[in-house]
Amino acid sequence: MKTQSTTKGFAILSAAGMAVKMLSLLYVPFLQIIIGGEGYGVYASTYAVFAFVYIITNSGLSSAISKIVSELIALENYKDAVKAFKMARFLMIMIGTFMAVLLVLLARPLANVTNYPKAYLAIMSLAPAIVLTSVASAYRGYFQGRGNMKPTAVSQILEQIANLIFSLIFAALLMKYGVEAGCAGATVGTTIGALVSVIYLIRFYSRNKVFKVSKTYSKEKIIRYSNKELFRKVIYYATPLTVAWGAQNAGNLIDAGNTKGRLLAAGFSDEEGSTRFGYLGTNQVLIGVPITLVSALCTAVLPSISKAAALDNKEDVHSGVEYAFKACFFIALPSAVGLAVLSQPIFNLLFSKNLAAAYLMKYYAFIMILMAIVQIQTTILQSIGKLYISTFYIIIGIFAKIFINYILIAIPSINILGAVVGSLVGFLIPLFLNNYFIKKSLGIKYNLIKLGVKPFIASVFMGLVVYLVNFDFNYMFSFLGSGYKTRAISTFVSIGTGGLVYLYALILVGGITKKDLNSLPNKILKMIPKKLLDRVR
């Protein structure tokens, strides 16, 4: 099985993540048509619960597998790498089964806690998916630790395709029995998709079990671990990672329970409260597209920095950190500007039934930048073994978010914007604390503002061009009639133009190097004028 560079692994996961999110964006408007605005609010609360249980069950152990396997392979301890994976896989299956049973037993209380009693059936129907995703996450973590992102990428795409098809089919079939049944039907695809993913990953594993070692490999030099030591290592890594990932995603669960209750306290009806909470869900789907790329970056960076840290290679650790922040800004800044500028056209195109939510994107776009930075910071701290401190900082931010949500959402004139302010503060706190600790523990001198200034200038220029292009196309099409097709053409042309303009602007301001260009596909390089390429140093 071939090992990939961090850049190539990031590119593979990014492409897969974008494909998955594009499928998700296509899926959401159709689902909203089938189950309606109130139904989508119920569905969003269901997935807030599912996502939290999924993170608790899967993400920490999956990241721990990736970190442990990458460290042991760096030390050429291949047998213990496989043994640690099998231990963690068994642990994940046991935890997944336990959490699935809890989800069935506590479905109604969980639905009531989130102020969405109609969600109980959908929560219950997601229980089998928890077990299957646990198995899939174990294999993904193992392959990521071995430096091969292809199985993760392919399995994610297969999973999403199955999810999209079967969720819409079952939502349409069961909606005639009511909103509860329709939302439960919309979750069936999640289980089927997870099953498809597991089947693919197990088959891939069976074909790629063997490690190819160099001729200089010597068993005598390897320090082996006992089963007890390996198990402790798995738990030591998995516990803070689980809490960290869970805390980062607890915001959505807090929004599901706290937001609806405070909206009711502000005087909104139950249906209106569900609809306004659906606004958050819709915006989170959109910012999930660029965040997917940042998550792919985290997945690719974690094993590479962990390997460097295991070998005590400070130079590679420092270069990995710099690469991570730089790539983060390259993704997050233009995405935020693009979403803010095109929020109305994008909602017109994808969420016409929920158009009132478009105004929130102008605020959520900025939060997305903070979210991306915190994800990268957390990954860096986890990679160098500072597992608990990053978790502690995130928890501080979560408590601040809860407090602000509780106060602001109940004010009728602020209502749902209170959740946005809560998220803003909830990410700013760990961002500043993480930044200080990374500099202190690694002795790195860097400035986040300085690292982001060139991508920011290029993003602002891109935003101006995108706004003008979209305005001009809409004006031109206004003489032909304002239909869905004309809006779609205008939006897609604006997005495509924005991508090219951003790349050109980044080169002009000196924000991209020859090393960065070498990681781009040849098809993209051919689209860049030679004069611009000559400016790159």
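The values are calculated or read from the model by the stated rules, or taken from the named source; none is laboratory data. Computed from a prediction, not measured in an experiment: that's the story for all the values here. Because the Cβ atoms are built from the backbone with ideal geometry, glycine has one as well, and the counts that use them run over all protein chains shown. These accessible areas exclude ligands, DNA and RNA; they are computed on the full protein's heavy atoms, side chains included. Shrake-Rupley method; radii C 1.70, N 1.55, O 1.52, S 1.80 Å.
Side notes on the structure shown:
- Residues of segment 149-182 classified as open to solvent by less than 10 Å² (accessible area, probe 1.4 Å) and touching a Ser or Thr at 6+ places or on another chain (Cβ under 6 Å), total: 1
- Unique match (being touching a residue at least 24 places away in the same chain (Cβ under 8 Å) and surrounded by 19 or more Cβ atoms within 10 Å (Cβ to Cβ)) among Ile396, Ile444, Ile373: Ile373
- Failed condition for Val210, given (1) closer than 25 Å to Ser134 by Cα; (2) of a type in the set (A, V, I, L, M); (3) at pLDDT 75 or above: (3)
- Out of Met476, Met462, sole residue that is more than 26 Å from Tyr279 (Cα to Cα), in contact (Cβ under 8 Å) with a residue 40 or more places away in the chain and not small (Gly, Ala, Ser): Met462
- The residues in segment 44-73 that are at pLDDT below 80 and among the hydroxyl-bearing types (Ser, Thr, Tyr) can be counted, and the count is 4.
- Residue ID - farthest from Ala296 (Cα to Cα), chosen from residues in segment 72-83 that are open to solvent by 20 Å² or more (accessible area, probe 1.4 Å) and assigned to a helix (DSSP H, G or I): Lys79
- Out of Met87, Met94, sole residue that is open to solvent by 50 Å² or more (accessible area, probe 1.4 Å) and either modelled with pLDDT of 85 or more or over 24 Å from Gly281 (Cα atoms) (or both): Met94
- Residues that are surrounded by fewer than 18 Cβ atoms within 10 Å (Cβ to Cβ), over 21 Å from the mean Cα position of the chain (by Cα) and farther than 16 Å from Gln284 by Cβ, drawn from segment 411-427: Ile411, Pro412, Ser413, Ile414
- Gly426 at pLDDT 85 or above, in contact with an Asp or Glu (Cβ under 9 Å, 6 or more places away or on another chain) and either in a helix (DSSP H, G or I) or of a type in the set (D, E, K, R) (or both): no
- Candidate set: segment 483-525, residues that are of a type in the set (D, E, K, R) and surrounded by 15 or more Cβ atoms within 10 Å (Cβ to Cβ); chosen: the one modelled with the highest pLDDT: Arg487
- Residue in segment 111-127 that is modelled with pLDDT under 90, aliphatic (A, V, I, L, M), surrounded by fewer than 19 Cβ atoms within 10 Å (Cβ to Cβ) and not in a loop (DSSP other than H, G, I, E, B) present: yes
- Residue selection: Ala410 satisfies the criterion of being under 27 Å from Ala358 (Cβ atoms), touching a helix residue (DSSP H, G or I) at 6+ places or on another chain (Cβ under 8 Å), touching a residue at least 40 places away in the same chain (Cβ under 8 Å) and in a loop (DSSP other than H, G, I, E, B).
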